[in-house]
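Colleague: The structure is given below, and queries will be raised subsequently.
Any read-out appearing in this document is the output of simple, stated calculations on the displayed coordinates, not a laboratory observation. Just so we're clear, the structure is a prediction, and the values are computed from it rather than from any experiment. A quick note on method: Cβ atoms are made from the backbone with ideal geometry, for glycine too, and the neighbour counts reach across all protein chains shown.
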Amino acid sequence: MSVRDDLLYSKDHEWVREEDDILVIGISYYAQEELGDIVFAELPEVEEEFETGDSFGVLESVKAVSDTFIPLGGKVVEVNEELLDNPELINEDPYGDGWLIKIDPFDDTELDELLTAEEYTEFLEEE
Amino acid sequence: MKKTPLHHTHNVLGAKMTDFGGWEMPVEYSSIIDEHHAVRNHCGLFDICHMGEILISGEKAAQSVQRLISNDLSKLEYGKVLYTPICSEEGGIIDDLLVYMLGEDSYLFVVNAANKIKDYEWIKDKAYPETKVEDLSDYYAMLALQGPESSNILKQLTDAELDKIDYYHFVEAEAAGVDMIISRTGYTGELGYELYFTAEKAEEIWQRLIKVGEEYKLLPAGLGARNTLRLEKGYALYGNDIDESTNPIEAGLGWTVDLDGDDFIGRESLLKIKENCCSRRLKGFIITGRGMARHGYEIYADSQKIGRVTSGSYSPSLKKSIAMGYLAEEYTEAGSKINIKIRDRFVEAEVVELPFL
């Protein structure tokens, strides 16, 4: 399934899932497909803070380098350490085991500005 | 952008396309890594119709060719292929190419796509006026069938005795009912063949090979895998590792420069270059820290900038980040430690002997 109904999306192709008070962030199926085989993930440290739209990491595929942009500002509370040794998880399971970071958002009302699955699907069709 | 005769085929296969030297070419069909392993372990089929073919024939053809190439033309006879640079008067590399001797006065140059027009003009200008120079690039389709199963696959379509074709040799034979040059060459370091035939038959031959190759686990492979495969073998890529600002000696292509034989364009400069060789050399290195080195990244040692990465990629076979670049003489020994500036970090790398694999 390329766009999951239960997630919110950014125009930079990140997805967001609410888990109690924290937010899980990853890249969409479309984004990993565009990148191709991901072979390296550079992720932030826990406690690092980012403003909405900041680059919080870098993903490298065999053919390209791509920044990841945080869909809303917050403090990193957990990083997917599995990706350091197994970055291919992002290709294999972008919405599950391939998640990137968890954050404590500064202002969760910003969630309203993200795209619903339906809006993101439309956005992809326009791209 | 220019399209090969197989453009439609690539679209049907769902290939991701990219601009390569003005050509819209497939980067990958399924996954660069899968296509890479297919070539190393089974077989891959590449559309390389973008390559240029220039025929040099007629009177004084041999003299014209020897004047153009740095390698020794007397090594060539009918049925053999010669890899050689062509150089400027200053010894810079104008292109690297294959020369096929098709007959007594007939030589086919197979050149890089992005250089074809430049090469054609250079060759026309430097060849003897009585020699004929023709651009046959639109006439020829070119496919590369590469991998340990390539001979088993091609055997299904031809009676040519493939096992008797040595590396860097070719035969003119029929395959799948089409006259072609079957050349035991390639850019992957595996057993493989490059096939030249009329462009009209490109689709037909492609489909026949795909079909026959099915039981041998053949995959269509794109430029992404072509790049990782050649990099692991330390083969230079024109425009990345070599160009007019580099010479064959420092690029590790000294074996393709014959300074003892006949005169050729660039010989005098290369004699001087060789005498003082070299302040820098093209070397391979493995990134031992975390990160991927890419074309253009700066190389440092002892807090000095000592060069730039010319090619860099993830190596699917070694599962490491590998790269090449020109290094100042004092850092060229295997085991030397250097640093690559990756974004804002310095990542450690170690110089190794080429090839990587």
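Colleague: What is the dipole size for chain B, taken about its Cα centre, with +1 at each Lys and Arg Cβ and -1 at each Asp and Glu Cβ, in debye to the nearest 20?
Modeller: Its charge dipole is roughly 1460 debye.
Colleague: Going 7 Å from the Cα of A:Arg4 along its beta-carbon direction, which residues of the range A:26-48 have the amide nitrogen within less than 13 Å of the resulting point?
Modeller: Within reach of a label on A:Arg4, which here means backbone N under 13 Å from a point 7 Å along Cα→Cβ, the range A:26-48 contributes A:26-30.
Colleague: A follow-up question, please. Hey, what do the phi angles of the range B:84-90 turn into as Karplus ³J(HN,Hα) couplings, whole Hz, using 6.51/-1.76/1.60 and θ = phi - 60°, x for Gly and Pro?
Modeller: Each residue of the range B:84-90 in turn: 7, x, 10, 10, 7, 4, 7 Hz.
Colleague: While we're looking at this one, here's another question. Compute all pairwise cysteine Cβ distances in chain B, then list the cysteines with no distance under 4.7 Å to another cysteine.
Modeller: Cys with no partner Cβ under 4.7 Å: B:Cys43, B:Cys49, B:Cys87.
Colleague: Over chain B, what is the mean sequence separation of C-alpha contacts under 8 Å (at least six apart), divided by residue count, expressed as relative contact order in percent?
Modeller: 18 percent
Colleague: With 27 Å as the limit, write out which pairs from B:Lys3/B:Lys283; A:Lys11/B:Lys2; B:Lys60/B:Lys80; A:Lys11/B:Lys3; A:Lys63/B:Lys80 have Cα-Cα distances beyond it, or answer none.
Modeller: As for pairs spanning more than 27 Å Cα to Cα, those are B:Lys3/B:Lys283; A:Lys11/B:Lys2; A:Lys11/B:Lys3; A:Lys63/B:Lys80.
Colleague: Once Rh is set to the Kirkwood radius over Cα pairs, what Stokes-Einstein translational diffusion coefficient, in µm²/s, holds for chain B at a temperature of 4 °C and a viscosity of 1.567 mPa s?
Modeller: 61 µm²/s
Colleague: So which aspartates and glutamates can B:Lys16 reach, going by Cα to Cα under 14 Å and dropping same-chain residues fewer than 8 places off?
Modeller: Within the straight-line cut-off, B:Lys16 pairs with A:Glu33, A:Glu34, A:Asp37, B:Glu24, B:Glu28, B:Glu35, B:Asp47.
Colleague: Please report, in Å, the Rg and the Dmax of the range A:8-107, where both are computed over Cα atoms only.
Modeller: For the range A:8-107, the Cα radius of gyration and maximum Cα-Cα distance read 12.1, 37 Å.
Colleague: Averaged over its residues, how many other protein chain Cβ atoms are within 10 Å of peptide A:36-48's Cβ atoms?
Modeller: Counting Cβ atoms of other protein chains within 10 Å of each residue's Cβ and averaging gives 3.
Colleague: If you don't mind, there's one more thing I want to ask. Run the Debye formula on the Cα coordinates of the protein assembly as shown, all scatterers equal and no solvent, and tell me log10 I(q)/I(0) at q = 0.07, 0.13 1/Å.
Modeller: Results for the protein assembly as shown at q = 0.07, 0.13 Å⁻¹ read -0.44, -1.22.
Colleague: Also: Treating only the Cβ atoms of Lys and Arg (+1) and Asp and Glu (-1) as charged, compute the dipole magnitude of the protein assembly as shown about its Cα centre; round to the nearest 20 debye.
Modeller: I would put it at about 2720 debye.
Colleague: Quick one: Cα centre-to-centre distance for the range B:162-226 and the range B:30-45, in angstrom?
Modeller: So the separation of the two Cα centres works out to 15 Å.
Colleague: Related question: Using 0.36 nm times the number of residues separating B:Glu329 and B:Lys126, minus their current alpha carbon distance, what extension gain do you get?
Modeller: Result: 69.6 nm gained on full extension.
Colleague: Also, quick follow-up: Using the scaling law 2.2 N^0.38 Å as the reference, what is the normalised Cα Rg of the range B:142-197?
Modeller: Normalised by 2.2 N^0.38 Å, the Cα Rg of the range B:142-197 equals 0.97.
Colleague: Once you have the Kirkwood Rh of the range B:279-352 from its Cα pairs, apply Stokes-Einstein at 25 °C and 0.890 mPa s and quote D in µm²/s.
Modeller: Rounded to a whole number, D works out at 210 µm²/s.
Colleague: Could you tell me the center-to-center distance, by alpha carbons, between the range B:322-357 and the range B:131-148 in angstrom?
Modeller: Comparing the Cα centres of the range B:322-357 and the range B:131-148, I get a distance of 35 Å.
Colleague: Can you tell me the relative contact order of the range A:8-107? Whole percent, Cα pairs under 8 Å, sequence separation 6 or more.
Modeller: For the range A:8-107, the relative contact order is 32 percent.
Colleague: So, one more: With r defined as the distance between the Cβ atoms of A:Ala117 and A:Glu33 and R0 fixed at 22 Å, what FRET efficiency is calculated, to the nearest 0.05?
Modeller: 0.85
Colleague: Further, regarding this structure: Along the Cα→Cβ direction, 7 angstrom out, place labels at B:Glu350 and B:Lys3. What is the inter-label distance in nm?
Modeller: 4.9 nm
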